[in-house]
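A.B. asks: Right, I'll just put the structure down here and ask away after.
The values are calculated or read from the model by the stated rules, or taken from the named source; none is laboratory data. Everything numeric here is computed off the predicted structure, so don't read it as measured data. Note that we place each Cβ from the backbone using ideal geometry, even for glycine, and neighbour counts take in every protein chain shown. Remember, those area values only see protein heavy atoms, side chains included, never the ligands or the DNA or RNA. Shrake-Rupley method; radii C 1.70, N 1.55, O 1.52, S 1.80 Å.
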Amino acid sequence: MNKKLRIILIILVVLIIVGLKIVAMVWEKQQKPQVVEKAQQTPTCSIKYCEFPDGLIMRTEGTVSSKTPFKVFIRNLPQGVEKAYIQFSMESMDLGFNRFKLFPSENNPQEWRTNALLLPVCTIDDDRYDMDICLNDCNKAYRVRFRAR
């Protein structure tokens, strides 16, 4: 009986671990925004300055890299925005959870900004990043594709 009890406990622990892994994967998938990329990105868009078709303007200050701090500024946000953040991703690598909060600037409440931040480090020497700008619940993300220095 003792051996059967151990086997049942081992199976139960394995099932719990598998269940937790599935829950974690579902939660992570829900955290990623649905990007409306082609409709939102203009051909003249760069990481330094980007104006989207609906009027949202993004700009950065400083060298965008994983070695030097930079800031992101957003203007012309739609009415009713209560929270905003940016996150970085790559096609070639999972950068993990890296969300940076935007908040209204003290000098200009119409412009939101981040604190100084660094790009997540890429360990496979790829310099192609995506920056997603998310507003409120992030039903639609504004994406800027760029190469980092």
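A.B. asks: So for the stretch 89-96 (the condition being among the small types (Gly, Ala, Ser) and free of Cβ contacts under 8 Å to residues at least 24 places away in the same chain), does at least one residue qualify?
C.D. replies: The answer is no; no qualifying residue exists.
A.B. asks: Search the stretch 103-116 for residues that are closer than 16 Å to Asn136 by Cα and pair each with any residue that is in a loop (DSSP other than H, G, I, E, B) and of a type in the set (Ser, Thr, Tyr) when their beta-carbon atoms are under 6 Å apart and the residues are at least 6 apart or on different chains.
C.D. replies: If the second residue must be in a loop (DSSP other than H, G, I, E, B) and of a type in the set (Ser, Thr, Tyr), the pairs left are Glu111/Ser105; Arg113/Ser105.
Residues checked against (1) under 18 Å from Lys140 (Cβ atoms); (2) of a type in the set (D, E, K, R); (3) out of contact with any helix residue (DSSP H, G or I) (no Cβ under 6 Å at 6 or more places or on another chain):
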{"position": "Phe52", "(1), (2), (3)": "yes, no, no"}
{"position": "Ile57", "(1), (2), (3)": "yes, no, yes"}
{"position": "Glu61", "(1), (2), (3)": "no, yes, yes"}
{"position": "Phe70", "(1), (2), (3)": "no, no, yes"}
{"position": "Asn98", "(1), (2), (3)": "no, no, yes"}
{"position": "Lys101", "(1), (2), (3)": "no, yes, yes"}
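A.B. asks: Can you find a residue that is of a type outside the set (Val, Ile, Thr) and modelled with pLDDT of 80 or more anywhere in the stretch 24-43?
C.D. replies: No - not one qualifying residue is present in the stretch 24-43.
A.B. asks: Now a separate question. Of all residues in the stretch 54-81, count the ones that are among the acidic types (Asp, Glu) and at pLDDT below 90.
C.D. replies: Count: 1.
A.B. asks: Every residue in the stretch 107-126 that is open to solvent by 70 Å² or more (accessible area, probe 1.4 Å) and under 21 Å from Leu56 (Cβ atoms), please. Give the derivation first.
C.D. replies: Our first condition is that a residue be open to solvent by 70 Å² or more (accessible area, probe 1.4 Å); within the stretch 107-126, this holds for 107, 109-110, 115, 118, 121, 123-125.
Those that are open to solvent by 70 Å² or more (accessible area, probe 1.4 Å) and under 21 Å from Leu56 (Cβ atoms): Asn107, Pro109, Gln110, Asn115.
A.B. asks: Name every residue in the stretch 71-93 that is open to solvent by less than 30 Å² (accessible area, probe 1.4 Å) and among the hydroxyl-bearing types (Ser, Thr, Tyr), in order of residue number.
C.D. replies: The one that is open to solvent by less than 30 Å² (accessible area, probe 1.4 Å) and among the hydroxyl-bearing types (Ser, Thr, Tyr): Tyr85.
A.B. asks: Taking the residues in the stretch 103-127 that are more than 20 Å from Val81 (Cβ to Cβ) and not aliphatic (A, V, I, L, M) as candidates, determine which candidate is nearest to the chain's Cα centre (by Cα).
C.D. replies: Selected residue: Pro120.
A.B. asks: Any idea which of (1) modelled with pLDDT of 80 or more; (2) open to solvent by 50 Å² or more (accessible area, probe 1.4 Å) is the one Tyr129 doesn't satisfy?
C.D. replies: (2)
A.B. asks: Could you give every pair whose Cβ atoms fall below 8 Å, whose first residue belongs to the stretch 120-149 and is over 14 Å from Ser89 (Cα atoms), and whose second residue is among the small types (Gly, Ala, Ser) and open to solvent by 20 Å² or more (accessible area, probe 1.4 Å), counting only separations of at least 6 or pairs across chains?
C.D. replies: Asn136/Gly80
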